[in-house]
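Comments concern the structure below.
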Amino acid sequence: RRRGGRRRRRGEAAEDEGAEQQTDDEHADRAEDEPEAAQESADEADDEDDERESGASGSSSSRRRRRRRRRSGDAVAEGENGSDDPERTVVKVREPRKKEEREPGTGFDEVQSIKGSTRMEAKKQRRREGREQGRRRVPIITEAEFLARREAVERVMVVRQSGERTQIGVLEDNVLVEHYVNKEQATSYVGNVYLGKVQNVLPSMEAAFVDIGKGRNAVLYAGEVNFEALGMAHGPRRIETALKSGQSVLVQVTKDPIGHKGARLTSQVSLPGRYLVYVPEGSMTGISRKLPDTERARLKTILKKIVPEDAGVIVRTAAEGASEDELRRDVERLQQQWEDIQKKAKSTGSSNAPTLLYGEPDMTVRVVRDIFNEDFSKVIVSGDDAWETIHGYVSHVAPDLTDRLSRWTSEVDIFATYRIDEQLMKALDRKVYLPSGGSLVIDKTEAMVVVDVNTGKFTGQGGNLEETVTKNNLEAAEEIVRQLRLRDLGGIVVVDFIDMVLESNRDLVLRRLLECLGRDRTKHQVAEVTSLGLVQMTRKRVGQGLLESFSETCVHCNGRGVIVHMEQPASAGGGGGGKRSKKRRGGGQDHDHGHEHDQAQEHTEAETEAEVAAEVAAPVALPEPEFVPDEELYSSAAEAEAAVARGRGRRRATRKASAPAGAPKTSAAP
């Protein structure tokens, strides 16, 4: 650009071109070099040499400027050279990255944040990833498939009441698949509605801790806050703006306290009924996808007539075949229940918080309400109170199912008759044996549940290894689903099936797993098969599992299973083998030698003191030893030699047994 400008000036001054151009360049250089006199003096000397060598004044000046820019590295100098450039000439120099940005902990290495709620963004991201992976919802089945599933398995519910404890077992083809227990120390809070009091709000965690009167504070996450009810439907959804410390809030428990975690709350209340779940401030209507397509269409038509505009409903599987009057009565009863809750909340006020506004019924009624439907062939009840409760509830809400109730009058324990106690004992064990000889090992950790599949004694009946492994995995898939339901395991579940070579066999095992999970009414999702062949899935965790209901944490190991000893127990005979102790000491030989040297010095000092004390003491005459004849007499010289030989053999055997190297060998008795 500057070369073009100089050409124009050379065209204008045609006379004495070389001398005049040199003069102009020298004046411009002096104007630029005033703040940098010391450095530019060296540049001028170099430039004069370049001029003599080149003989061209224009090329020497351009070389001089380029050299100056390289040495100074200042981008501002180019902006100061506006006199050399013509009008409307724009000079842009890219600024180099600063060194501070390239250092770790600054610039691009800083932690990034997102706008809005992190939990909301995570929910959107999970949905987006599900759509990208082609993950679809459970397909709606036809009526023929629905009836085939029902007729395939015979379901029986067994209820036993003994004292304050009530146990309910669900059998499928005489195999225990679900178990529910109710006792005083394990009361469930799920479904209860409280008027809680906010203790503190953590914006960085997007959560608030709420006191519901149960000792430990419960947690309310930002994704569970009903912003519409708080009048923040169109504003920013930040939990710190919606809730303040000391504020009273209407919440419902969705998950019981587990371990060191408090109860999980939501402000989007839902009231369960016999045929449907009533969502007071919702607008969506859903129908169970386990119902056939014809039944879904019939229920959808009825719901348009009976559901109010300011509420939503979720239809249960038990609504199959329910009439319009039965559904309307259920909706009206739940609507009245919600109005009673609101009245209690207004009359209580924030000063009396926390307060229980609505409590879920007894576990027996809750299980019968949620589970008992047309799929069960019969319900057998043992216990007077349990029979009155169940018979009264079923007669009121589902009179058509009353004939399926039967009372157990025998003196024999009902759980022993159906072998439920025996199956419960096996379910409390860590290892599960498969009928064919294989086994499962189920371990529950803080992060996830891990299931390992082993072939065990199962060697197959002909065929090759691939066929044997696939048969074992198919049998394990069915048993894994049963164990998840029976033990009530939730969270992240990782299953390590035995490796299969063929892709078709892997798909067959995964299909069998999904098939069996279709009977599980708890929300679940099979994510994917990892590159290591592990099957990842999630299962909703609501309450404590089977093991926690029948056990307590060990006071000695605190539930870890091992007791740690920091000090190594000293063994008799100087600490055992010498080689093993040297290996155990490893690199700390100098320290050990120093320690032994200190002990040796202490021992020497002790001996010296004892010798001094013995010298000072008066001499004591020792008694003469009495001669005692040997009682072991031999009748002949041959017998004496045989006895000596036996003594040598005994000493040799003792020497072999006490040898430090090698495994000990058993010597023959003399």
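In the condition set (1) closer than 19 Å to Q342 by Cβ; (2) at pLDDT below 90; (3) in contact with a Lys or Arg (Cβ under 9 Å, 6 or more places away or on another chain), V249 is compliant with all but (2).
For the stretch 533-549, residues that are buried (at least 18 other Cβ atoms within 10 Å of the Cβ) and either polar (S, T, N, Q) or farther than 17 Å from Y180 by Cβ (or both) total 3.
The number of residues in the stretch 271-287 being farther than 17 Å from L356 by Cβ and buried (at least 19 other Cβ atoms within 10 Å of the Cβ) comes to 9.
The condition (being under 24 Å from T118 (Cα atoms), of a type in the set (S, T, N, Q) and either in a strand (DSSP E or B) or within 24 Å of the chain's Cα centre (by Cα) (or both)) is satisfied by just one residue among T254, T241: T254. Here the stretch 94-128 is the region considered, the condition is being modelled with pLDDT under 75 and not charged (D, E, K, R), and the residue that is farthest from the chain's Cα centre (by Cα) is P96. If you check V481, V394 for being within 30 Å of A319 (Cα to Cα), modelled with pLDDT of 90 or more, in the same structural domain as T166 (by TED's automatic domain parsing) and in contact with a Leu (Cβ under 8 Å, 6 or more places away or on another chain), only one passes: V394. Among the residues of the stretch 447-465, just one is in contact (Cβ under 8 Å) with a residue 24 or more places away in the chain and loosely packed, with under 14 Cβ neighbours inside 10 Å, namely A447.
For residues in the stretch 535-544 being modelled with pLDDT of 85 or more and touching a Lys or Arg at 6+ places or on another chain (Cβ under 9 Å), which is farthest from L424 (Cα to Cα)? It comes out as T538.
Residues in the stretch 381-395 include none that are among the charged types (D, E, K, R), exposed (fewer than 15 other Cβ atoms within 10 Å of the Cβ), within 18 Å of Q167 (Cα to Cα) and within 39 Å of the chain's Cα centre (by Cα). For the stretch 396-439, taking the residues that are surrounded by 13 or more Cβ atoms within 10 Å (Cβ to Cβ) and small (G, A, S), the one that is farthest from the chain's Cα centre (by Cα) is identified as A398. Only residues that are out of contact with any strand residue (DSSP E or B) (no Cβ under 6 Å at 6 or more places or on another chain), crowded, with 17+ Cβ neighbours inside 10 Å and among the acidic types (D, E) were counted in the stretch 155-176, giving 0.
The values are calculated or read from the model by the stated rules, or taken from the named source; none is laboratory data. Note that the structure is a prediction, hence the values are computed from the model and not measured. Ideal geometry is used to build each Cβ from the backbone, glycine not excepted, and the neighbour counts take in all protein chains shown.
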